[in-house]
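Let me begin by presenting the structure, written as structure tokens, before commenting on it.
The values are calculated or read from the model by the stated rules, or taken from the named source; none is laboratory data. Quick caveat: nothing in here was measured; it's all calculated off a predicted structure. Glycine also receives a Cβ, built like all others from the backbone with ideal geometry; neighbour counts cover every protein chain displayed. Note: areas computed on protein heavy atoms with side chains; ligands, DNA, RNA excluded. Shrake-Rupley method; radii C 1.70, N 1.55, O 1.52, S 1.80 Å.
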Amino acid sequence: MLGFLGATTLMLVAGAPWVLPAGGADLRSPENVVVSIIDDNFILKWKSSSESVSNVTFSADYQITGMDNWIKLPGCQYVTSTECNFSSIKLKSVYEKIKLRIRAETGNSTSPWYEVEPFIPFQEAQIGPPDVHLEAEDKAIIINLSPPGTKNSVMWAMDSSSFVYSLVIWKNSSSLEERTKTVYARDKIYQLSPETTYCLKVKAGLRSPRKVGVYSPVYCINTTVKHHLPSPENLEINAENRVYVLKWNYTYENVTFQAQWLHAFLKKIPEDHSDKWKQIPNCENVKTTHCVFPQNVFTKGIFFIRVQASNGNSTSLWSEEKRFNTEMQTILFPPVINMKPINDASLRVGIGAPKESEDKSVNQLYPLIYEVIFRENTSDTERDVLEKRTDFTFSNLKPLTVYCVKARALIENDRWNRSSVFSDTVCEKTKPGSTSQAWLIAGILSAILLFPAVFYGVKVVSRCINYVFFPSSKPPSTIDEYFAEQPLKNLLLSTSEEQTEICFIVENTNTITTIEETDQIDDNHSRCSSQTNRDSGVYSNEDENSGSKIGEEILRQAAV
């Protein structure tokens, strides 16, 4: 089998041989020693350097890291050929590092040991071809693959469900029309022609660590004749509100349909999973080419869906299996926004579940974030923020100003960048800020305190103006005409000069004495004294003669 595979063997660089006492000078160590590991097959190969010596055998030892002693390598003791199989070696792990050594022996003579560089079996192992089993339909081939290695493989024990299979298929009549595709361990090859011979080959591989195996032998098979009742075609599934709608094409009438689903991860398990398919609710015995079922039928994940047609006792083959990823089909509903003003000119925003999906919302199946658009109502400048919280606050806003907000839901860490549509826009007016309130209170208090002072000041100024410009009393016209030479304002406003007041005392109609009284700065009132007909000499005025004349004029007018 190894010769058929033509696998590249592992070349291990030899270390410097070390020598034990040899029984013969002509017996030399083996050369070109290589180790070939394919799946669980461990093969040690070498070339003899003592062809001229007869009856030569070879023996090998091994040592695992941490061991001090060498142990005889099983299957490689006293071998007469130039290779041996040591697959029966007991290893605790295929990740352990192993050292090998080999020598030639004849009679009592031995060659020096040839020591091989240490290696880790898993790192050096190659992936062999999978076993392939085929079944034919009219337009498809069913393929069943067994993973590389034995049933109880030690090498691939941790990777049996991690293999990726690559298949090459072609019509036997034309190898130029090759199709290459990735398949599961249990899969179907669709879009083939009835009654046609197809050939294929398969190889297995691992993505991590990256390993590529060798192709299997070529297998050929004939597809069957065309089935009398065709299979449904062109399956399509879409999410609408809280339901899925499954549609398909079919040309015949008077038939019923049924649909089934399967977890995609079962395809990776190299077992028969034909009994794992489950019926889709509301998609059994339907007479239309579509059916509707609730979204909660599927949890988050990847599934396969298939449809079959029936007509009485006759049924079609199952349709091509449609791969269905719930994450790709999920519809996100727009959130419900609630906004209200709070103190200090701030707005508190709350994000709620959409009303359409309050009962187990599809939105609840995934961790969501929200894109929030916030702007002043009279401005086109928008603030775009991402929020994981459903309750947050916009602070430091303008008092008594209208702001608007809208939001949409997005799935966090979503490689497909799905999102809902934006919610309805909600607008709200901010309250007065604490600074505005403080200024308002301060203004009111200041107005209350300043009003009495302003009122009193206005009253005082008004009295002064009235006193100066609008006196309450005037002297009689008979007296006022004698003071025309001295303006009234000079009498009221002049304080820098002494003011004199002329008094007339009439003792009898015959005698009138004119008295001049000088207002001293320190006196509070004017004094008038009665005198005799003659002048006492206390009051004098350089206008005495004119005063006498004035007095005489007054008496004359009085007599009249």
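Points worth noting:
- Among (1) in contact with a Ser or Thr (Cβ under 8 Å, 6 or more places away or on another chain); (2) at pLDDT below 90; (3) open to solvent by less than 20 Å² (accessible area, probe 1.4 Å); (4) closer than 26 Å to Arg242 by Cα - the single one Ala345 does not satisfy: (4)
- Residue pairs whose Cβ atoms lie under 7 Å apart, separated by 6 or more positions or on different chains, with the first residue in region 367-394 and within 22 Å of Asp344 (Cβ to Cβ) and the second polar (S, T, N, Q) and open to solvent by 90 Å² or more (accessible area, probe 1.4 Å), are Arg375/Thr381.
- Answer residue from region 424-482, given it is modelled with pLDDT of 80 or more and touching a Phe, Trp or Tyr at 6+ places or on another chain (Cβ under 9 Å) and is surrounded by the most Cβ atoms within 10 Å (Cβ to Cβ) among those: Thr430
- Scanning region 193-227 for residues that are within 26 Å of Ser173 (Cα to Cα), outside any strand (DSSP E or B) and in contact (Cβ under 8 Å) with a residue 60 or more places away in the chain gives Val214, Tyr215, Ser216, Pro217, Thr223, Thr224, Val225, Lys226, His227.
- With respect to the stated conditions, Glu105 is part of a strand (DSSP E or B), acidic (Asp, Glu) and open to solvent by less than 40 Å² (accessible area, probe 1.4 Å).
- Pro399 fulfils the conditions (1) at pLDDT 90 or above; (2) assigned to a loop (DSSP other than H, G, I, E, B); (3) open to solvent by 50 Å² or more (accessible area, probe 1.4 Å) except for a single criterion, (1).
- Filter result for Thr65 (touching a residue at least 24 places away in the same chain (Cβ under 8 Å), over 30 Å from Ser161 (Cβ atoms) and open to solvent by 20 Å² or more (accessible area, probe 1.4 Å)): no
- The residue pairs whose first member lies in region 318-337 and is within 24 Å of Gln258 (Cα to Cα) and in a loop (DSSP other than H, G, I, E, B), whose second member is modelled with pLDDT under 90 and aliphatic (A, V, I, L, M), and whose beta carbons are closer than 6 Å, counting only pairs six or more residues apart or on different chains, are Thr330/Val362.
- Every pair of residues 6+ apart whose Cβ atoms lie under 9 Å, when the first sits in region 76-98 and is at positive phi while the second is open to solvent by less than 40 Å² (accessible area, probe 1.4 Å): Tyr78/Thr57; Tyr78/Phe58; Tyr78/Ser59; Tyr78/Glu105
- Every residue from region 261-296 that is in contact with a Cys (Cβ under 8 Å, 6 or more places away or on another chain) and open to solvent by less than 60 Å² (accessible area, probe 1.4 Å): Ile280, Cys283, Cys291, Phe293
- Pairing each residue of region 173-184 that is in a loop (DSSP other than H, G, I, E, B) with any residue that is open to solvent by less than 70 Å² (accessible area, probe 1.4 Å), provided the two are 6+ apart or on different chains, yields C-beta distances under 6 Å for Tyr184/Lys267.
- Only residues that are touching a Leu at 6+ places or on another chain (Cβ under 6 Å) and among the hydrophobic types (A, V, I, L, M, F, W, C) were counted in region 54-75, giving 1.
- Condition met for Ser160 (surrounded by 15 or more Cβ atoms within 10 Å (Cβ to Cβ), hydroxyl-bearing (Ser, Thr, Tyr) and assigned to a loop (DSSP other than H, G, I, E, B)): yes
- Filter result for Phe86 (open to solvent by less than 20 Å² (accessible area, probe 1.4 Å) and under 19 Å from Asn32 (Cα atoms)): yes
- Of the candidates Ser231, Ser173, the single residue that is open to solvent by 30 Å² or more (accessible area, probe 1.4 Å) and within 45 Å of the chain's Cα centre (by Cα) is Ser231.
- Reported count of residues in region 297-310, each being in contact with a strand residue (DSSP E or B) (Cβ under 8 Å, 6 or more places away or on another chain) and open to solvent by 50 Å² or more (accessible area, probe 1.4 Å), is 1.
- Count of region 244-260 residues which are β-branched (Val, Ile, Thr) and open to solvent by 80 Å² or more (accessible area, probe 1.4 Å): 1
- Contacts under 7 angstrom Cβ, first residue in region 230-252 being at positive phi, partner open to solvent by 90 Å² or more (accessible area, probe 1.4 Å), 6 or more apart: Asn241/Glu356
- Residue check for Leu262: aliphatic (A, V, I, L, M), within 30 Å of Ser161 (Cβ to Cβ), assigned to a strand (DSSP E or B) and within 40 Å of the chain's Cα centre (by Cα): yes
Residues checked against (1) more than 30 Å from Lys90 (Cα to Cα); (2) hydrophobic (A, V, I, L, M, F, W, C):
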site	(1), (2)
Leu134	yes, yes
Ile142	yes, yes
Pro148	no, no
Ala157	no, yes
Ser161	no, no
Ser166	yes, no
Thr180	yes, no
Tyr184	yes, no
Asp187	yes, no
